[in-house]
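Heads up, the thing below is written out as structure tokens.
All of the numbers you see were taken from the coordinates with simple rules; none came from a lab. Nothing here was measured: the structure is a model prediction, and the numbers come from that model. Positions of Cβ are backbone-derived with ideal geometry, glycine not excepted, and every protein chain shown enters the neighbour counts.
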Amino acid sequence: MILCQFWFLIEFCIFGFNHLCSKMLFNSYKHFLETPNYNKIIGEDYLIVEFKCPIKERLFKYWSECHSIAFVLKGQKKWATPEQEWLVKEGQSIFVQKGAYLNEQYFDEGFCVLMFFMKDDFIKNCIKNDVMRSPSSENIKIKTEPIYRIDISESLLALYNSFFSYLKQETKVPKKIIELKFREMILNIITNPNNTGVRDYMFMLADWEETPIPKVMEEHFFYNLSIDEFASLCGKSLSSFKRDFQKLYKTSPRRWLTSKRLEYAKQLLLRSSDNIQEICYDIGFENDSHFNRVFKETYGLTPLQFRKNKAFA
């Protein structure tokens with residue numbers, strides 16, 4: 001197994017699984033793109049990076065404005081959303097939609113991964129220019145998953161391994177070669193009949209003019225993302241995001257997020273045994289005092305009073 005050569009460190013306050021501190025989420029794509037000394041190749045709409053990950057904390061949340069493919073070289077790591085989790089082990093691969101996730105790190109062994117980040121336009125151009133689609137595949141409507149497991153054929157494994165020679169090569173590799181290799185990798189994945197989930201999602205993405213605002217908001221409202229970051233996930237400038245959001249929801253993004261998070265908080269207060277601080281961080285509020293204040297302003301009771309009243313109702 002080829003060993004990874006570069007390290008990064010992420011430090012967060014941890015309250016337990018899914019209960020993390022109020023800091024803004026770690027932007028993985030931006031970090032790898034802008035931090036020097038990573039073993040990486042940067043393209044116009046893509047990024048390839050190889051790294052070893054000795055994270056001090058067992059759990060951390062991150063977000064990315066790009067879709068990604070992860071191929072685990074050594075160890076294992078868990079990706080999770082509030083509804084699902086995916087344990088990815090050595091020799092396994094996943095496609096991860098752009099967005100926010102919780103990662104769980106295991107300390108009994110090292111972890112090493114090859115990551116391929118790609119923007120919407122890279123995938124769209126690949127599908128539209130390189131794939132002959134049948135009429136039945138046009139305008140496909142599917143219930144998307146945040147993460148898809150990738151079946152690794154012998155040819156795909158060879159493609160993954162071929163990127164190592166480019167990453168280690170001292171002389172600069174022509175970007176055209178890397179882009180062609182990257183496109184070949186995507187085509188290899190979506191033409192494998194065992195990867196229909198990834199294929200259908202990419203086909204749907206190719207048909208979108210832009211990422212739908214409701215999809216982004218409903219899937220990420222409980223993460224402590226800034227309005228700028230929500231706009232980035234939608235592929236919009238901040239001003240166009242706010243304008244389109246107002247037309248769609250008849251309110252501002254900030255007010256919608258507060259209302260949505262409070263409704264979700266009511267559900268958690270009734271069905272979970274988590275303490276108030278844990279619930280506060282689970283639903284995207286920056287601190288528990290702010291959460292308590294807006295909850296009481298909205299419902300006339302503090303979260304603790306609401307929970308006790310409902311328990312005795």
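Quick notes on this one:
- A simple spin-label model places pseudo-atoms 7 Å from Cα toward Cβ; at SER289 and ARG243 they are separated by 3.9 nm.
- Karplus-based coupling profile of the stretch 182-190, in residue order and whole Hz: 5, 4, 4, 4, 4, 5, 4, 5, 7, with θ = phi - 60° in 6.51 cos²θ - 1.76 cosθ + 1.60 and x standing for Gly or Pro.
- Built amide H within the under 5 Å cut-off of VAL113, gap 5+: PHE51, LEU73
- With Cα atoms as the point set, the stretch 169-313 shows a radius of gyration and Dmax of 21.5, 71 Å.
- Alpha-carbon centroids, the stretch 234-313 and the stretch 52-128: separation in whole Å: 28
- Among beta bridges that DSSP assigns inside the chain, antiparallel share in %, nearest 5: 95
- Cα Rg, Dmax, the stretch 37-93, angstrom units: 12.8, 36
- Separation of the LYS215 and GLU184 label points, Cα + 7 Å toward Cβ, nm: 3.0
- All Cα pairs of the chain, percent lying beyond 36 Å: 23
- Each Lys and Arg contributes +1 and each Asp and Glu -1, all at the Cβ; summed about the Cα centre of the stretch 213-311, the dipole is approximately 500 debye.
- HIS67 long-range amide H proximity, modeled H, under 5 Å: LYS98, MET118, ASP120
- What the phi angles of the stretch 156-170 give under the Karplus curve with 6.51, -1.76 and 1.60, with θ = phi - 60°, is a coupling list of 5, 4, 5, 5, 3, 5, 5, 5, 4, 5, 6, 5, 8, 5, 6 Hz, glycine and proline written as x.
- Neighbour counting of Cβ atoms within 10 Å sorts the residues ILE177, ILE94, fewest neighbours leading, into ILE177, ILE94.
- Residues HIS220, HIS67, HIS290 in ascending order of nearby Cβ atoms (within 10 Å, fewest first): HIS290, HIS220, HIS67.
- Entry note, the chain: relative contact order of 16 percent, from Cα contacts under 8 Å with a spacing of 6+ residues.
- Two-decimal Rg to Rh for the stretch 235-280 - Kirkwood Rh, Cα set: 1.18
- Given charges at Cβ of Lys, Arg, Asp, Glu: the stretch 213-311 dipole, positive-most of THR298, TYR281, TYR223: THR298
- Ranked list, fewest to most other Cβ atoms within 10 Å of each Cβ, for ILE127, ILE227: ILE227, ILE127
- With only Cα atoms counted, the stretch 26-207 has Rg and Dmax values of 16.0, 50 Å.
- For the stretch 197-202, Karplus couplings with θ = phi - 60° (6.51, -1.76, 1.60), whole Hz, Gly/Pro x: x, 5, 4, 5, 5, 5
- Rounded FRET efficiency, nearest 0.05, which uses the C-beta distance separating SER252 from ILE42 and R0 of 41 Å: 0.70
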